[in-house]
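Please read the structure below before turning to the comments.
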Amino acid sequence: MSFEIISDVSLDIDQEFLQQHNIYFVPMDYVLGEEICHCCKPESNEMMHEYYDKLRNKIPTQTSQITPFHYVEAFEPFAKNQQSLLYICLSSGLSTTYESARMAAEELKETYPGFSIEVVDSLGATGGMGLLTETAAALREQGLSLTECADRLRSYAEKINYWFMVEDLMYLKRGGRISAATALVGTALSIKPILTILPDGKLDTMEKKRGRKQAMRYLVDKVTENLDISMPQTAYICCSDCMKEAETLRDMIVKEHPQLNVKITMLSPIIGAHTGPNMLSIIFYGTKRI
C-alpha cells in the first residue's frame, strides 16, 4: 500500500468494510452526564442504543474541539515510520478540526522531512466521510498515488448529498441552528425539519414536513432527483437509534433504485450529541450538492 488512511472517529461506516480494510481513526472525546467518554473507533450498535436511551432520559451530552496537539499525537506515529498518510476530516464548515489538522500536518512535515500527508476536507460528516473512506480504499487498491487520491476525493466530496430529519428540535436549538420559539412550536405541531449540508460544508434547514412519513418520502425524492449513476452506487442511511424506520427508508429507496447498495449505520456519539435520538438521514453521491 502506498499510503495509510485515517479519518475522524465521528464518521459512520460499514463494520464489514472495516474488517476487510486497514483504516485508522483520530480519537475524540465527549461528555455524557458527569462522565468523559473516549471514542477511539466506531461504536457497536448495542453501545449506541444505550447512548441514545440515556439522551432520551435527559442525560446531557456535549463534545469538544480537537486541538492541533491532539492531531500531532494521532499523526506522529506514521511520520516517525515515514508512512504516507491520507486524512479525511470532518467538514471545515462544521468544526475547526480541519484547520487544526492542517497545522499539525505542517508541524510534522518540518519535524520529519520526507513525511507525506494529505488533509482532505470532507465538506460533510457521518456517512459522507464513510463514502469517502470507502472510495479512498478503492482508489488505493487501483494504484493511485497519495496526491492523486486526495485530489480525486476533494472533487468527490463536492458531490455528496446529505439529507436528514431530526425528532427533537431542542437539540438544534441548543446548537444555535433554530430559535427557541421555533423549536417549541415545531415540537408541538410535530414539524420535522429537513436539513442539508451546503456546498461550503455548513448546515442549513431546507424544508419542514408534518410528521415523519412525509419527511421520509421527501428523503426518497431527493435521491431520485439528485443520484449520480456515474459515481459509486453506495449510499448510507445513518440513524440515531431508529433502526426500523431506517430499514423502511432503505426499502423505499431500493424499490426505486435497485442498483443502489444502501448501508445502514448508527450515528456516532460525536455527531449524535448535536442531533439527538431518532435522527434519520440519507447520504449519497449526487450530480451536485444543493
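Span-like helices, the chain: DSSP H, alpha-carbon axial extent 18 Å or more, mean Kyte-Doolittle -0.5 or greater, which ones? Walk me through the intermediate numbers first.
Numbers: long enough: 97-111 (21 Å, -0.99); 126-141 (23 Å, 0.24); 212-226 (21 Å, -1.13); 243-256 (20 Å, -0.64).
Those that pass (Cα extent of 18 Å or more, hydropathy at least -0.5) are 126-141.
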Choice from Ile229, Ile237, Ile160 with maximal GNM fluctuation in the chain (Cα, 10 Å cutoff): Ile229
When the helices in the chain are scored as -39500 (n - 2.57) per DSSP H run of 4 or longer and the sum is shared across all residues, what 222 nm value do you end up with, to the nearest 500 deg cm²/dmol? -13000 deg cm²/dmol
So if R0 is 35 Å, what FRET efficiency would Glu50 and Met231 give, r being the distance between their Cβ atoms, rounded to the nearest 0.05? 0.50
How much FRET efficiency would the formula 1/(1 + (r/R0)^6) give for Glu76 and Lys255, where r is the Cβ-Cβ distance and R0 is 51 Å, rounded to 0.05? 0.60
Glu34 to Gln142: extension gain in nm, 0.36 nm per residue of separation minus the Cα-Cα distance? 34.2 nm
Nearest 5 percent is fine: what portion of the DSSP beta bridges confined to region 1-154 is antiparallel? 40 percent
Cross-link list Lys41/Lys213; Lys209/Lys255; Lys58/Lys244: which exceed 25 angstrom alpha carbon to alpha carbon? Lys41/Lys213
Compute from the Cα atoms of region 224-290 the Rg and the Dmax, the latter being the longest Cα-Cα distance, and quote both in angstrom. 12.4, 34
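Whole number please: convex hull volume per residue, Cα atoms of region 73-141, in Å³.
In region 73-141, the Cα convex hull volume per residue is 82 Å³.
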Given a 1.4 Å probe and every protein chain left where it sits, what share in percent of the accessible area of region 182-277 is carbon and sulfur? 55 percent
All-pairs alpha carbon distance profile, the chain, 10 Å steps from 0, percent: 6, 29, 36, 21, 6, 1
Nearest 5 is fine: what % of DSSP beta bridges in the chain come out antiparallel, could you say? 60 percent
With a Förster distance of 22 angstrom and the Cβ-Cβ distance between Thr111 and Lys41, calculated FRET efficiency to the nearest 0.05 equals 0.25
Accessible area of the chain divided out per residue, in Å², using a probe of 1.4 angstrom: 44 Å²
Please list 131-144, 3-16 highest first by mean number of surrounding beta-carbon atoms within 10 Å per residue. 3-16, 131-144
Simple spin-label model, 7 Å along Cα-to-Cβ: Lys208 to Glu247 in nm? 3.3 nm
Compute log10 of I(q)/I(0) for region 1-103 with the Debye formula, placing one identical point scatterer on every Cα and leaving out solvent, at q = 0.14, 0.18, 0.23 Å⁻¹, to two decimals. -0.63, -0.98, -1.34
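The values are calculated or read from the model by the stated rules, or taken from the named source; none is laboratory data. All values reported here derive from a predicted model rather than from experimental measurement. Note: ideal-geometry Cβ built from the backbone for every residue, glycine included; neighbour counts use all protein chains shown. Side chains included, ligands, DNA and RNA excluded: accessible areas come from the protein's heavy atoms. Shrake-Rupley method; radii C 1.70, N 1.55, O 1.52, S 1.80 Å.
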